[in-house]
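Peer 1: Dropping a structure here in structure tokens format, bear with me for questions.
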Amino acid sequence: MSQVGGMRLFDAHCHLQDPRIAAVAPRLIRTAIDSGVVRFSVNGVSEKDWHVVKQMSDQYPSIIPSFGLHPWYVAERSPNWFDNLRGFFVDTPYAAVGEIGIDKGSHGKTIEYTEQVEVFQRQLELAKELQRPVSVHCVRAFGDLLEILKQMGPFPAGVILHSYMGSAEMVPELSELGSYFSFSGFLTSMKEQKAKKMLKSVPKDRILIETDAPDGLSNFNKESLIPVPREDIPDEEDKSASLNHPANIHNVLEYVSLLLEMPKEEVAEVSYQNAVRLFSYPGSKLQSEG
């Protein structure tokens, strides 16, 4: 399969290292590249998977690695977690920061919130120090997020608000602080009119699209989604039907284009150029392209 209509796409946030799909990641990468996905930002979430992200990045020129401690794994961190994280940036100077953040959702409520905030702030400081873009997870805590970013910002290297589900009203202030707004299949769980209003409030030069694979499977036009191959999925109950992967970014593109009332080709190119600009920091794999 060749690039669809010549479109170039950049999956601004995914987790190809996730144990649910890592075994079939080479096949998923090939499928995505054949469909026009030129780059992938692969985000580590804990000390247990940073080395896998690094290995994937070393193997695939198309993978931009990011290292971070996700709020869900804050309680599992080692006493040396921050030094370990710094070490990965020393060994991988072209890496970005992420996935980090705060979470007051059903899962986030089980993790001490003050610890989440402390870990988040330390990593934001690191991103500023390294002058790297940072991919941020936020669930039901956008008011807190805005206050933290105001206190610590602005962030000239960029903040990726991945799978953005916040309000249209917050977009201008978040933009001023250096935020980009990345949209995944989770957008389809919002009420359409609310999603449309929010999307239309985002400056065109701040729009990104992503899959958040293996999560984030879209509810839109489900028959167009490409399932993950069932073989080699390490799951006794075989939940492969609910797993996502980067080739399904075309579904996200279609939905975002529909709500923005813009041609798919235009949204694809705008989001691609935005991602290339964001990930073309000094020393990055994209610096020459950017």
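The values are calculated or read from the model by the stated rules, or taken from the named source; none is laboratory data. Being a predicted model, the structure only gives us computed values, none of them experimental. A quick note on method: Cβ atoms are made from the backbone with ideal geometry, for glycine too, and the neighbour counts reach across all protein chains shown. The protein model used for the area step is the full one, side chains on, heavy atoms only, and it has no ligands, DNA or RNA in it. Shrake-Rupley method; radii C 1.70, N 1.55, O 1.52, S 1.80 Å.
Peer 1: Specify the residue that is most open to solvent (accessible area, probe 1.4 Å); the eligible residues are those in segment 50-71 that are closer than 19 Å to Leu126 by Cβ and part of a helix (DSSP H, G or I).
Peer 2: Among those that are closer than 19 Å to Leu126 by Cβ and part of a helix (DSSP H, G or I), it is His51.
Peer 1: Which members of segment 1-49 meet the condition of being assigned to a helix (DSSP H, G or I) and touching a strand residue (DSSP E or B) at 6+ places or on another chain (Cβ under 8 Å)?
Peer 2: Correct list: Ile29, Ala32.
Peer 1: Residues to consider are Glu129, Glu173, Glu147, Glu192; find the one that is out of contact with any Lys or Arg (no Cβ under 6 Å at 6 or more places or on another chain) and closer than 27 Å to Asn80 by Cβ.
Peer 2: Glu129
Peer 1: Being under 21 Å from Met198 (Cα atoms) and either in a loop (DSSP other than H, G, I, E, B) or within 18 Å of the chain's Cα centre (by Cα) (or both) narrows it down to one residue among Tyr281, Tyr272; which is it?
Peer 2: Of the residues listed, the single one that is under 21 Å from Met198 (Cα atoms) and either in a loop (DSSP other than H, G, I, E, B) or within 18 Å of the chain's Cα centre (by Cα) (or both) is Tyr272.
Peer 1: Regarding segment 52-71, can at least one residue be identified that is β-branched (Val, Ile, Thr), under 14 Å from the mean Cα position of the chain (by Cα) and either at pLDDT below 95 or more than 19 Å from Leu278 (Cβ to Cβ) (or both)?
Peer 2: Within segment 52-71, none of the residues are β-branched (Val, Ile, Thr), under 14 Å from the mean Cα position of the chain (by Cα) and either at pLDDT below 95 or more than 19 Å from Leu278 (Cβ to Cβ) (or both).
Peer 1: Do the conditions hold for Val42, that is, is it touching a Pro at 6+ places or on another chain (Cβ under 9 Å) and of a type in the set (Val, Ile, Thr)?
Peer 2: Criteria met by Val42.
Peer 1: State the number of residues belonging to segment 148-198 that are among the hydrophobic types (A, V, I, L, M, F, W, C), in contact with a helix residue (DSSP H, G or I) (Cβ under 8 Å, 6 or more places away or on another chain) and surrounded by fewer than 23 Cβ atoms within 10 Å (Cβ to Cβ).
Peer 2: 13
Peer 1: A further question on this structure: Since Gly98 meets every condition but one in (1) within 13 Å of Trp50 (Cβ to Cβ); (2) loosely packed, with under 15 Cβ neighbours inside 10 Å; (3) touching a residue at least 24 places away in the same chain (Cβ under 8 Å), which condition does it not meet?
Peer 2: (2)
Peer 1: Does segment 81-95 include one or more residues that are touching an Asp or Glu at 6+ places or on another chain (Cβ under 9 Å), among the acidic types (Asp, Glu) and not in a strand (DSSP E or B)?
Peer 2: Looking for residues that are touching an Asp or Glu at 6+ places or on another chain (Cβ under 9 Å), among the acidic types (Asp, Glu) and not in a strand (DSSP E or B), one finds none in segment 81-95, hence no.
Peer 1: So Arg20 ticks every box in (1) open to solvent by 30 Å² or more (accessible area, probe 1.4 Å); (2) out of contact with any Asp or Glu (no Cβ under 8 Å at 6 or more places or on another chain) but one. Which box is left unticked?
Peer 2: All conditions pass for Arg20, except number (2).
Peer 1: Report, by residue number, each residue of segment 247-276 that is open to solvent by 10 Å² or more (accessible area, probe 1.4 Å), farther than 21 Å from His15 by Cα and out of contact with any Lys or Arg (no Cβ under 8 Å at 6 or more places or on another chain).
Peer 2: Tyr255, Leu258, Glu261, Met262, Pro263, Lys264, Glu265, Glu266, Gln273
Peer 1: If you don't mind, there's one more thing I want to ask. Six or more apart or on different chains, Cβ under 7 Å: which pairs go from a residue in segment 27-43 that's among the acidic types (Asp, Glu) to one that's open to solvent by 10 Å² or more (accessible area, probe 1.4 Å)? Could you list them?
Peer 2: Asp34/Met1
Peer 1: What is the residue count in segment 96-123 for residues that are basic (Lys, Arg) and assigned to a loop (DSSP other than H, G, I, E, B)?
Peer 2: 1
Peer 1: Hey, among Thr110, Thr92, which residue is without any contact (Cβ under 8 Å) to a residue 40 or more places away in the chain, among the hydroxyl-bearing types (Ser, Thr, Tyr), open to solvent by 50 Å² or more (accessible area, probe 1.4 Å) and at negative phi?
Peer 2: It is Thr110.
Peer 1: Given the structure, is Val134 of a type in the set (Val, Ile, Thr), surrounded by fewer than 19 Cβ atoms within 10 Å (Cβ to Cβ) and within 19 Å of Trp81 (Cβ to Cβ)?
Peer 2: No.
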